[in-house]
Amino acid sequence: MGKIYTILIYLMIIPILVCIKNIKKFHNDISSSITRCLVFAIFTILGNGLFTLNINETISYLAMALYLFAYDLMLIYILQYSQQYTNVFSEVRPFRSGCFILAFADGISLFLNAFFHHVFTLKLTTYGNLLIYRIDKRYAAYYLHYIFAYFIVLMFIASLIVKIAEIPHFYRKKYYPIISVMSVIIILNLIYTISGFPIDLSLPFFLLAAFLICYFTFYHTPNELIDKTLSIVVTEINNSVICFDIDSKCVYANDSARRLFNLDSDDGSTENISKYAQRLLEENILDTKDYFTWSEKRMLGDDEHHFDAEFRKLYDSHKNYIGFFISLIDVTEKYIAYNKERYLATHDRLTGIYNSSYFSEKVSELLKRDPDTPRLILCSNIKDFKLVNDLFGLEKGNEVLKMLAELLKTTCCNGTLYGRTGGDKFAVCIPKEHFKEEDFLNAIYTLSKTFNNTLYHLHIYVGVYEITDCNEDVSIMCDKANIAIKTLHGTYDKCIAYYNDSIFNDTLLEKRLVGEFDTALAEKQFCMYLQPQMTPEGRMLGAEALVRWQHPNRGLIFPGDFINVFERTGLIYRLDKYVWELAVQKLSEWQKQGKNELYISVNISAKDFYYMDVYKTITTLVEKYGIIPKTLKLEITETAIMTGISGELEILEQFRNYGFQVEIDDFGSGYSSLNTLKDMDVDVLKIDMGFLRTTKSDRIQRSMSILNNIIDLSKTLGLSVITEGVETKEQVTALTKMGCRIYQGYYFSKPIPIEEFENTYLK
């Protein structure tokens with residue numbers, strides 16, 4: 001009887017293998033988890049069958065160990081399946097990893113039990129006319145094994161129950177059978193474990209569980225979902241319509257959609273269209289949106305078609321999310337008409353070649369398509385072209401432009417792009433190997449000769465830029481070529497010039513920074529960083545406000561790369577005013593929280609005094625936000641004071657009278673530091689970090705002697721001293737002995753964002 005049962009149990013392996021074959025084609029995490037679960041179910045069956053059939057003691061021990069260990073792994077993978085399928089307890093990955101560790105530890109212990117008998121012992125007995133081994137004695141490790149196994153089962157059932165409570169009622173039907181059969185398996189297994197019955201009657205239910213899990217996970221579709229979807233999309237029947245359930249599985253596609261996605265072909269599969277939908281969800285974060293539209297193109301036969309696509313979520317009468325559908329409308333004819341209009345908008349009406357924007361677009365496309373071919377950008381400019389129109393009329397000027405465009409067409413080889421970038425300016429993108437300077441010179445000379453007369457001589461200048469970065473904006477490439485042309489102005493014996501980075505990089509960078517300044521200020525790309533000022537004991541007293549540029553494309557730009565540019569171009573006062581307000585806003589926030597002792601130091605540029613009333617601007621901010629004036633410390637460099645405008649010292653004195661503290665920044669960097677102290681009443685000296693940067697031993701001692709004298713002088717004058725640029729513990733120790741009590745530098749902290757500063761020092 002036992003042998004017959006075992007053979008029947010072994011036959012279960014065949015349909016389980018069929019299940020594995022059918023679900024492997026889905027190629028996703030859920031199918032992988034189920035596959036592994038079923039594989040270990042097979043090993044569980046093999047272990048129990050081997051235990052039942054044989055009467056060899058060692059083999060029986062090993063068979064029982066295989067049965068129990070495989071059971072552990074089977075349960076872990078069915079738990080993993082439930083986490084993926086229901087998305088319940090999915091965040092407990094460390095728990096799952098711990099389960100695997102415990103399972104393998106338990107498995108080792110079980111297999112070693114064949115030799116040490118520390119988990120359980122076996123006893124050969126008769127059951128009816130059947131001679132079999134039964135478990136005789138059980139030890140602690142045996143009971144721990146079952147506690148571990150049943151805990152995993154409870155987690156699995158709990159995840160299904162939680163999922164049932166969250167979803168619409170018609171989705172719940174597919175979870176009830178799985179819970180039921182798993183409950184039966186556990187009950188029968190528990191009876192087998194406790195009673196000592198020689199046959200595990202739960203094993204036949206493995207097959208039923210495998211079929212139920214596979215069917216309800218991959219093949220079952222609620223009829224109510226189909227009915228609801230079809231009722232909504234019936235008015236859009238002329239479109240390509242695809243419907244999906246809450247797991248992004250395709251449940252319906254109309255005829256148009258089936259043709260579009262080739263679902264009726266021999267290899268057509270809804271799995272591909274489900275992946276398409278899942279990719280849309282991930283790329284567009286559609287889990288947060290009920291409605292979304294986009295455009296895409298697809299091949300229909302040999303023809304390219306263009307579609308307007310729409311995504312929409314579906315809800316039942318109780319406003320429970322039940323799925324979604326995608327609709328695609330063929331707009332190919334509209335697309336063709338649009339392209340015709342676009343063609344007219346992308347070509348210069350006078351010359352028939354590309355206009356500026358389309359030339360840039362086509363060059364960008366070419367460089368992306370073929371980045372390895374060396375290419376040049378050529379830009380041309382006619383010297384004093386306005387005189388042509390003034391002297392000979394607009395028609396003659398247009399004739400010259402047409403002749404120059406034709407020159408480009410005839411001189412350039414295939415694969416060359418050319419366009420009119422504005423007025424008398426033309427641009428060419430040509431492979432480097434095809435550019436012959438002599439040919440261009442001859443062509444320019446010929447054109448010039450056809451027009452020259454006693455009143456005007458035609459001079460055409462050409463700037464050449466070799467493309468080194470294919471991702472660089474084409475307009476910048478043209479700017480570089482035009483910068484090369486500027487070197488030719490005033491010359492008549494030369495008409496071609498080549499761009500040189502070493503000469504023009506600074507100019508271009510300055511131009512770029514200045515051009516982006518207004519946008520950066522409007523979009524609040526400039527952000528305030530704070531560098532704490534500390535006591536030797538590590539107590540934070542306040543901070544200096546420093547600016548950083550969080551550029552959307554180039555990332556974080558440090559002040560050394562843009563402050564000097566804004567100083568030269570007169571934009572610094574707008575940036576300073578912006579940072580002052582950020583600092584005052586933050587002080588107001590702190591003071592409302594009761595942190596009245598904290599201060600922020602802000603920098604004042606010498607240029608600020610030229611462009612605005614600094615005193616009125618800052619006092620207005622203080623009054624607007626209602627802060628304590630002494631908590632906003634004003635820093636101005638020693639050099640700025642020495643080279644400042646007339647009356648600057650009087651303005652700073654007004655600040656002190658109002659209640660502000662005035663600091664001399666970078667003290668010691670100028671040539672008349674002591675003379676500055678004579679003429680100006682200040683509150684704080686910030687010692688220039690240059691004193692701390694020497695590396696020669698004899699100079700270190702001299703620097704320290706100077707610092708000691710400055711600190712002593714400050715005490716005599718009643719001034720506070722801040723030493724900036726401290727980087728080592730040794731510097732702090734030495735300066736503390738001299739009497740310095742406030743420090744700023746990388747030893748304590750680099751400048752950090754406001755949020756990080758508050759989290760570090762104010763909580």
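No lab work stands behind these numbers, since they all come straight from the coordinates. Since we're looking at a predicted model, the values are computed, not measured. Note that each Cβ is placed from the backbone with ideal geometry, even for glycine, and that neighbours are counted across all protein chains shown.
Compute the FRET efficiency between MET612 and ASP712 as 1/(1 + (r/R0)^6), taking r as their Cβ-Cβ distance and R0 = 35 Å, and round to the nearest 0.05.
Values: r = 38 Å, r/R0 = 1.09.
The computed FRET efficiency comes out at 0.40.
Note on segment 717-754 and segment 508-579: Cα centroid distance 23 Å, given to the nearest whole angstrom. In terms of the mean number of neighbouring beta-carbon atoms within 10 Å, the peptides 326-333, 289-296 order highest first as 326-333, 289-296. If you plug the beta carbon distance of GLU406 and TYR498 into 1/(1 + (r/R0)^6) with R0 = 30 Å, you get a FRET efficiency near 0.75. Scanning residues 5 or more positions from LEU300 or on other chains, those with amide H under 5 Å from its amide H are HIS305, with H placed 1.01 Å from N in the peptide plane. Computed extension length for TYR321-SER180: 48.2 nm, one decimal, from 0.36 nm per residue of separation with the Cα-Cα distance subtracted.
Considering helices alone, the calculated mean residue ellipticity of the chain at 222 nm is -17000 deg cm²/dmol, with DSSP H runs of length four and up weighted by -39500 (n - 2.57) and normalised per residue.
Which percent, to the nearest 5, of DSSP beta bridges fully inside the chain are antiparallel?
Details: 69 of 95 bridges.
Among the beta bridges of the chain, antiparallel pairing accounts for roughly 75 percent.
Spin-label model, GLU755/ARG554: points 7 Å from Cα along the beta carbon direction are separated by 2.4 nm. The protection proxy used here, the mean number of other Cβ atoms lying within 10 Å of each residue, ranks peptides 596-607, 474-485 as follows, highest first: 474-485, 596-607. Here the Karplus relation 6.51 cos²θ - 1.76 cosθ + 1.60, evaluated at θ = phi - 60°, turns the backbone of segment 246-254 into coupling constants of 5, 9, 6, 8, 5, 10, 6, 9, 6 Hz, with x for every Gly and Pro.
For LEU154 and ILE101, a Förster radius of 22 Å and the Cβ-Cβ distance give a FRET efficiency of 0.70, rounded to the nearest 0.05.
Of the labelled figures (1) 1.14; (2) 1.12; (3) 1.02, only one reflects Rg/Rh (Cα atoms, Kirkwood Rh) as derived from the coordinates, namely (1).
For GLU635, nonlocal amide neighbours, meaning residues 5 or more places apart or on other chains whose placed amide H falls under 5 Å from its own, are VAL602, ASN603, ILE604, GLU663.
Remark: segment 386-396, residue by residue, has Karplus-estimated 3J(HN,Hα) of 4, 5, 4, 5, 5, 7, 10, x, 5, 5, 5 Hz, where x stands for each Gly or Pro and the curve is 6.51 cos²θ - 1.76 cosθ + 1.60 at θ = phi - 60°. Computed 3J(HN,Hα) for segment 44-56, one whole-Hz value per residue from the Karplus formula 6.51 cos²θ - 1.76 cosθ + 1.60 where θ = phi - 60°, is 4, 4, 4, x, 5, x, 5, 5, 6, 7, 9, 10, 7, glycine and proline marked x. Remark: spin-label model distance LYS340-GLU589 equals 5.8 nm, labels positioned 7 Å along the Cα→Cβ axis.
A crude spin-label estimate for the pair ILE59 and TYR456, with each label 7 Å from Cα along the Cβ direction, gives 10.8 nm. Amide H to amide H distances under 5 Å link TYR315 with ILE322, where only residues 5 or more positions off or on other chains count and H is placed in the peptide plane.
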